[in-house]
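S.K.: Here's a structure for you.
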Amino acid sequence: NKSNIVTSMKAIRCHRFAAFAASQGNKNDRPQLLKKFLPLRSVLSLDDDVPRPQITKPNQVLIETYYAGVQYPDALQAQGLYQVKPPLPYTPGLDVSGVVVESSNIHFSAGDRVMATTTQHGGTGACAEYCLLPSDLVWKVPSHVHLSFVANLGRNFFASYHSLKVIGNINSNSLVLVDGASGGVGMATIELAKAMGAKVIAGVSSEEKIQPPLSVGADKVLVYGRNKDSYKAFKNEVRKAASNLGHPQGVDLVVDVVQGDLFESALVSCVKPLGTICLVGFTAGQKPIRPGLLLVKEVNVVGSLWGRYAKENPEEHRQNVQQMLSYISGGSIQPRVDRIFPLDDFASAFELFENNQGKGNTVICFKEDAPTISKL
């Protein structure tokens with residue numbers, strides 16, 4: 001039996017944090033932030049002597065990795081700037097898709113095509129030839145869906161669906177505004193909101209980013225630019241677009257991955273009274289939020305973290321993920337992969353996000369899915 005013979009595997013590992021000076025070994029020393037970060041390529045390596053995990057208890061699934069997703073948080077984590085700072089060395093990656101090798105849970109068996117999230121390891125471990133995960137973090141992938149399409153569901157779609165469904169409680173009469181709309185979470189938010197029947201206004205920072213949100217069904221795409229004047233113009237354009245889409249009081253929900261000055265200069269004024277802004281990320285940096293402004297505008301501002309909710313509501317989370325897979329399987333969401341990197345060029349996937357060039361669904365290929373599976 002292969003699983004008893006093979007004891008090591010290849011895995012991408014991070015050996016030091018790129019944003020910090022190397023530790024001098026004194027535990028009391030605070031890590032020093034470097035003025036110039038090290039390139040991620042210099043702190044990540046493909047190691048071939050990593051111990052291969054083995055099933056040791058009930059309800060575990062051993063997956064042979066075909067694709068692992070890479071997103072902004074993975075690059076931030078390798079720099080040491082993400083909220084989860086794993087002990088070094090560690091293997092990056094929250095999202096994995098592949099085929100079951102072995103299972104100690106009755107619902108999974110060898111040969112099943114699956115996707116999974118490594119949340120029990122703090123969103124690390126996916127970028128390895130094999131992943132061992134609890135069965136409640138593993139889902140079967142419909143047979144006609146290419147495994148590369150679902151290797152970023154956790155990072156992109158889980159955050160979006162949590163914001164839209166659990167927090168926003170949107171329906172077919174809702175109007176949603178999403179910024180950073182050409183990025184992974186932004187694109188997923190448009191796709192899910194449209195699948196749920198809502199209307200969507202998408203905001204992007206520049207003209208060249210308009211096409212991707214349109215391609216996945218945004219009703220209107222507007223450019224907010226990069227300064228306070230362009231933010232104010234964007235605010236007026238959103239109000240006008242909302243009115244044209246039947247929502248003269250403003251949008252019901254904002255999914256905000258940008259924050260920065262855009263939040264106060266535009267977003268707060270785009271929401272209808274008692275509407276909601278979901279804070280998902282801060283790609284433009286964090287700026288203070290004045291409570292007086294929220295009071296006058298009657299706006300709810302809610303932090304959107306799906307991880308805690310998933311942990312405390314495992315059944316609901318499982319159903320939510322199943323619903324997302326149903327949207328993909330049924331065609332309400334056209335699954336896609338934007339960039340696939342071969343394993344020996346894995347560092348280029350991380351560099352996209354390091355250089356702020358990431359978009360959509362970026363994956364590293366450990367093993368090709370069957371060509372008979374449709375790749376749209």
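S.K.: Would you confirm whether any residue within region 74-88 is over 20 Å from residue 155 (Cα atoms) and open to solvent by 30 Å² or more (accessible area, probe 1.4 Å)?
M.R.: For region 74-88, residues over 20 Å from residue 155 (Cα atoms) and open to solvent by 30 Å² or more (accessible area, probe 1.4 Å): present.
S.K.: Then there's this: With respect to residue 170, determine if the residue is in a loop (DSSP other than H, G, I, E, B) and of a type in the set (A, V, I, L, M).
M.R.: Yes.
S.K.: Being part of a helix (DSSP H, G or I) and over 15 Å from residue 277 (Cβ atoms) is the filter here, so list the residues in region 150-165 that pass it.
M.R.: 150, 153, 154, 155, 156, 157, 158, 161, 165, listed by residue number.
S.K.: Across region 104-130, what is the total count of residues that are open to solvent by less than 40 Å² (accessible area, probe 1.4 Å) and in a strand (DSSP E or B)?
M.R.: 7
S.K.: Mind checking which residues of region 191-219 are surrounded by 24 or more Cβ atoms within 10 Å (Cβ to Cβ) and closer than 18 Å to residue 320 by Cβ?
M.R.: Those that are surrounded by 24 or more Cβ atoms within 10 Å (Cβ to Cβ) and closer than 18 Å to residue 320 by Cβ: 191, 192, 193.
S.K.: Checking residue 185 against (1) open to solvent by less than 40 Å² (accessible area, probe 1.4 Å); (2) part of a loop (DSSP other than H, G, I, E, B): exactly one of these is not met. Which one?
M.R.: Condition (2) is where residue 185 drops out.
S.K.: Restricting the search to region 32-66, which residues are among the charged types (D, E, K, R) and either open to solvent by less than 80 Å² (accessible area, probe 1.4 Å) or assigned to a strand (DSSP E or B) (or both)?
M.R.: The answer is 47, 48, 49, 52, 64.
S.K.: Right, next: Taking region 349-374 on its own, how many of its residues are closer than 27 Å to residue 38 by Cα, over 16 Å from the mean Cα position of the chain (by Cα) and surrounded by fewer than 16 Cβ atoms within 10 Å (Cβ to Cβ)?
M.R.: 1
S.K.: A follow-up question, please. Give the number of residues within region 61-98 that are over 27 Å from residue 257 (Cβ atoms), touching a residue at least 40 places away in the same chain (Cβ under 8 Å) and not polar (S, T, N, Q).
M.R.: Number of matching residues: 8.
S.K.: Pick from 281, 285: which is modelled with pLDDT under 95 and either loosely packed, with under 11 Cβ neighbours inside 10 Å or acidic (Asp, Glu) (or both)?
M.R.: Exactly one of 281, 285 is modelled with pLDDT under 95 and either loosely packed, with under 11 Cβ neighbours inside 10 Å or acidic (Asp, Glu) (or both), namely 285.
S.K.: Cβ-Cβ under 7 Å, sequence separation 6+ or interchain: first residue in region 315-337 and touching a residue at least 40 places away in the same chain (Cβ under 8 Å) and among the basic types (Lys, Arg), partner part of a helix (DSSP H, G or I) and open to solvent by 70 Å² or more (accessible area, probe 1.4 Å). Which pairs?
M.R.: Listed pairs, sorted by first residue: 318/136.
S.K.: Something else now. Looking only at region 288-313, which residues are among the polar types (S, T, N, Q) and surrounded by fewer than 19 Cβ atoms within 10 Å (Cβ to Cβ)?
M.R.: 300, 313
S.K.: With the requirement that a residue be open to solvent by less than 30 Å² (accessible area, probe 1.4 Å), closer than 16 Å to residue 331 by Cα and either among the small types (Gly, Ala, Ser) or not in a loop (DSSP other than H, G, I, E, B) (or both), what does region 133-147 give you?
M.R.: Within region 133-147, 147 is the sole residue that qualifies.
S.K.: Continuing with the same structure: I need a count of the residues in region 148-182 that are of a type in the set (D, E, K, R) and surrounded by 24 or more Cβ atoms within 10 Å (Cβ to Cβ).
M.R.: Summing the residues that are of a type in the set (D, E, K, R) and surrounded by 24 or more Cβ atoms within 10 Å (Cβ to Cβ) in region 148-182 gives 2.
S.K.: List the pairs whose first member sits in region 239-251 and is more than 17 Å from residue 172 (Cα to Cα) and open to solvent by less than 60 Å² (accessible area, probe 1.4 Å), whose second member is in a helix (DSSP H, G or I) and not charged (D, E, K, R), and whose Cβ atoms are under 6 Å apart, counting only residues at least 6 apart or on separate chains?
M.R.: As it stands, the answer is none, since no pair meets every condition given.
S.K.: Could you look through region 328-342, keep only residues that are in a helix (DSSP H, G or I) and either open to solvent by 30 Å² or more (accessible area, probe 1.4 Å) or polar (S, T, N, Q) (or both), and pick out the one that is farthest from residue 70 (Cα to Cα)?
M.R.: Here the residue is 330.
S.K.: Within region 133-185, how many residues are within 30 Å of residue 249 (Cα to Cα), among the hydroxyl-bearing types (Ser, Thr, Tyr) and modelled with pLDDT of 95 or more?
M.R.: The total comes to 5.
S.K.: Need the failing condition index for residue 191 against (1) outside any loop (DSSP other than H, G, I, E, B); (2) modelled with pLDDT under 95, just the number.
M.R.: That leaves (2) as the condition not met.
S.K.: All but one of (1) in contact with a Lys or Arg (Cβ under 8 Å, 6 or more places away or on another chain); (2) within 30 Å of residue 124 (Cβ to Cβ) hold for residue 191, so report the exception by its number.
M.R.: For residue 191, the failing item is (1).
The values are calculated or read from the model by the stated rules, or taken from the named source; none is laboratory data. Please read all numbers here as calculations on a predicted model, not as lab measurements. All Cβ positions, glycine included, derive from the backbone under ideal geometry; neighbour counts span all protein chains shown. In case anyone asks, the SASA skips ligands and DNA or RNA and just uses the protein heavy atoms, side chains included. Shrake-Rupley method; radii C 1.70, N 1.55, O 1.52, S 1.80 Å.
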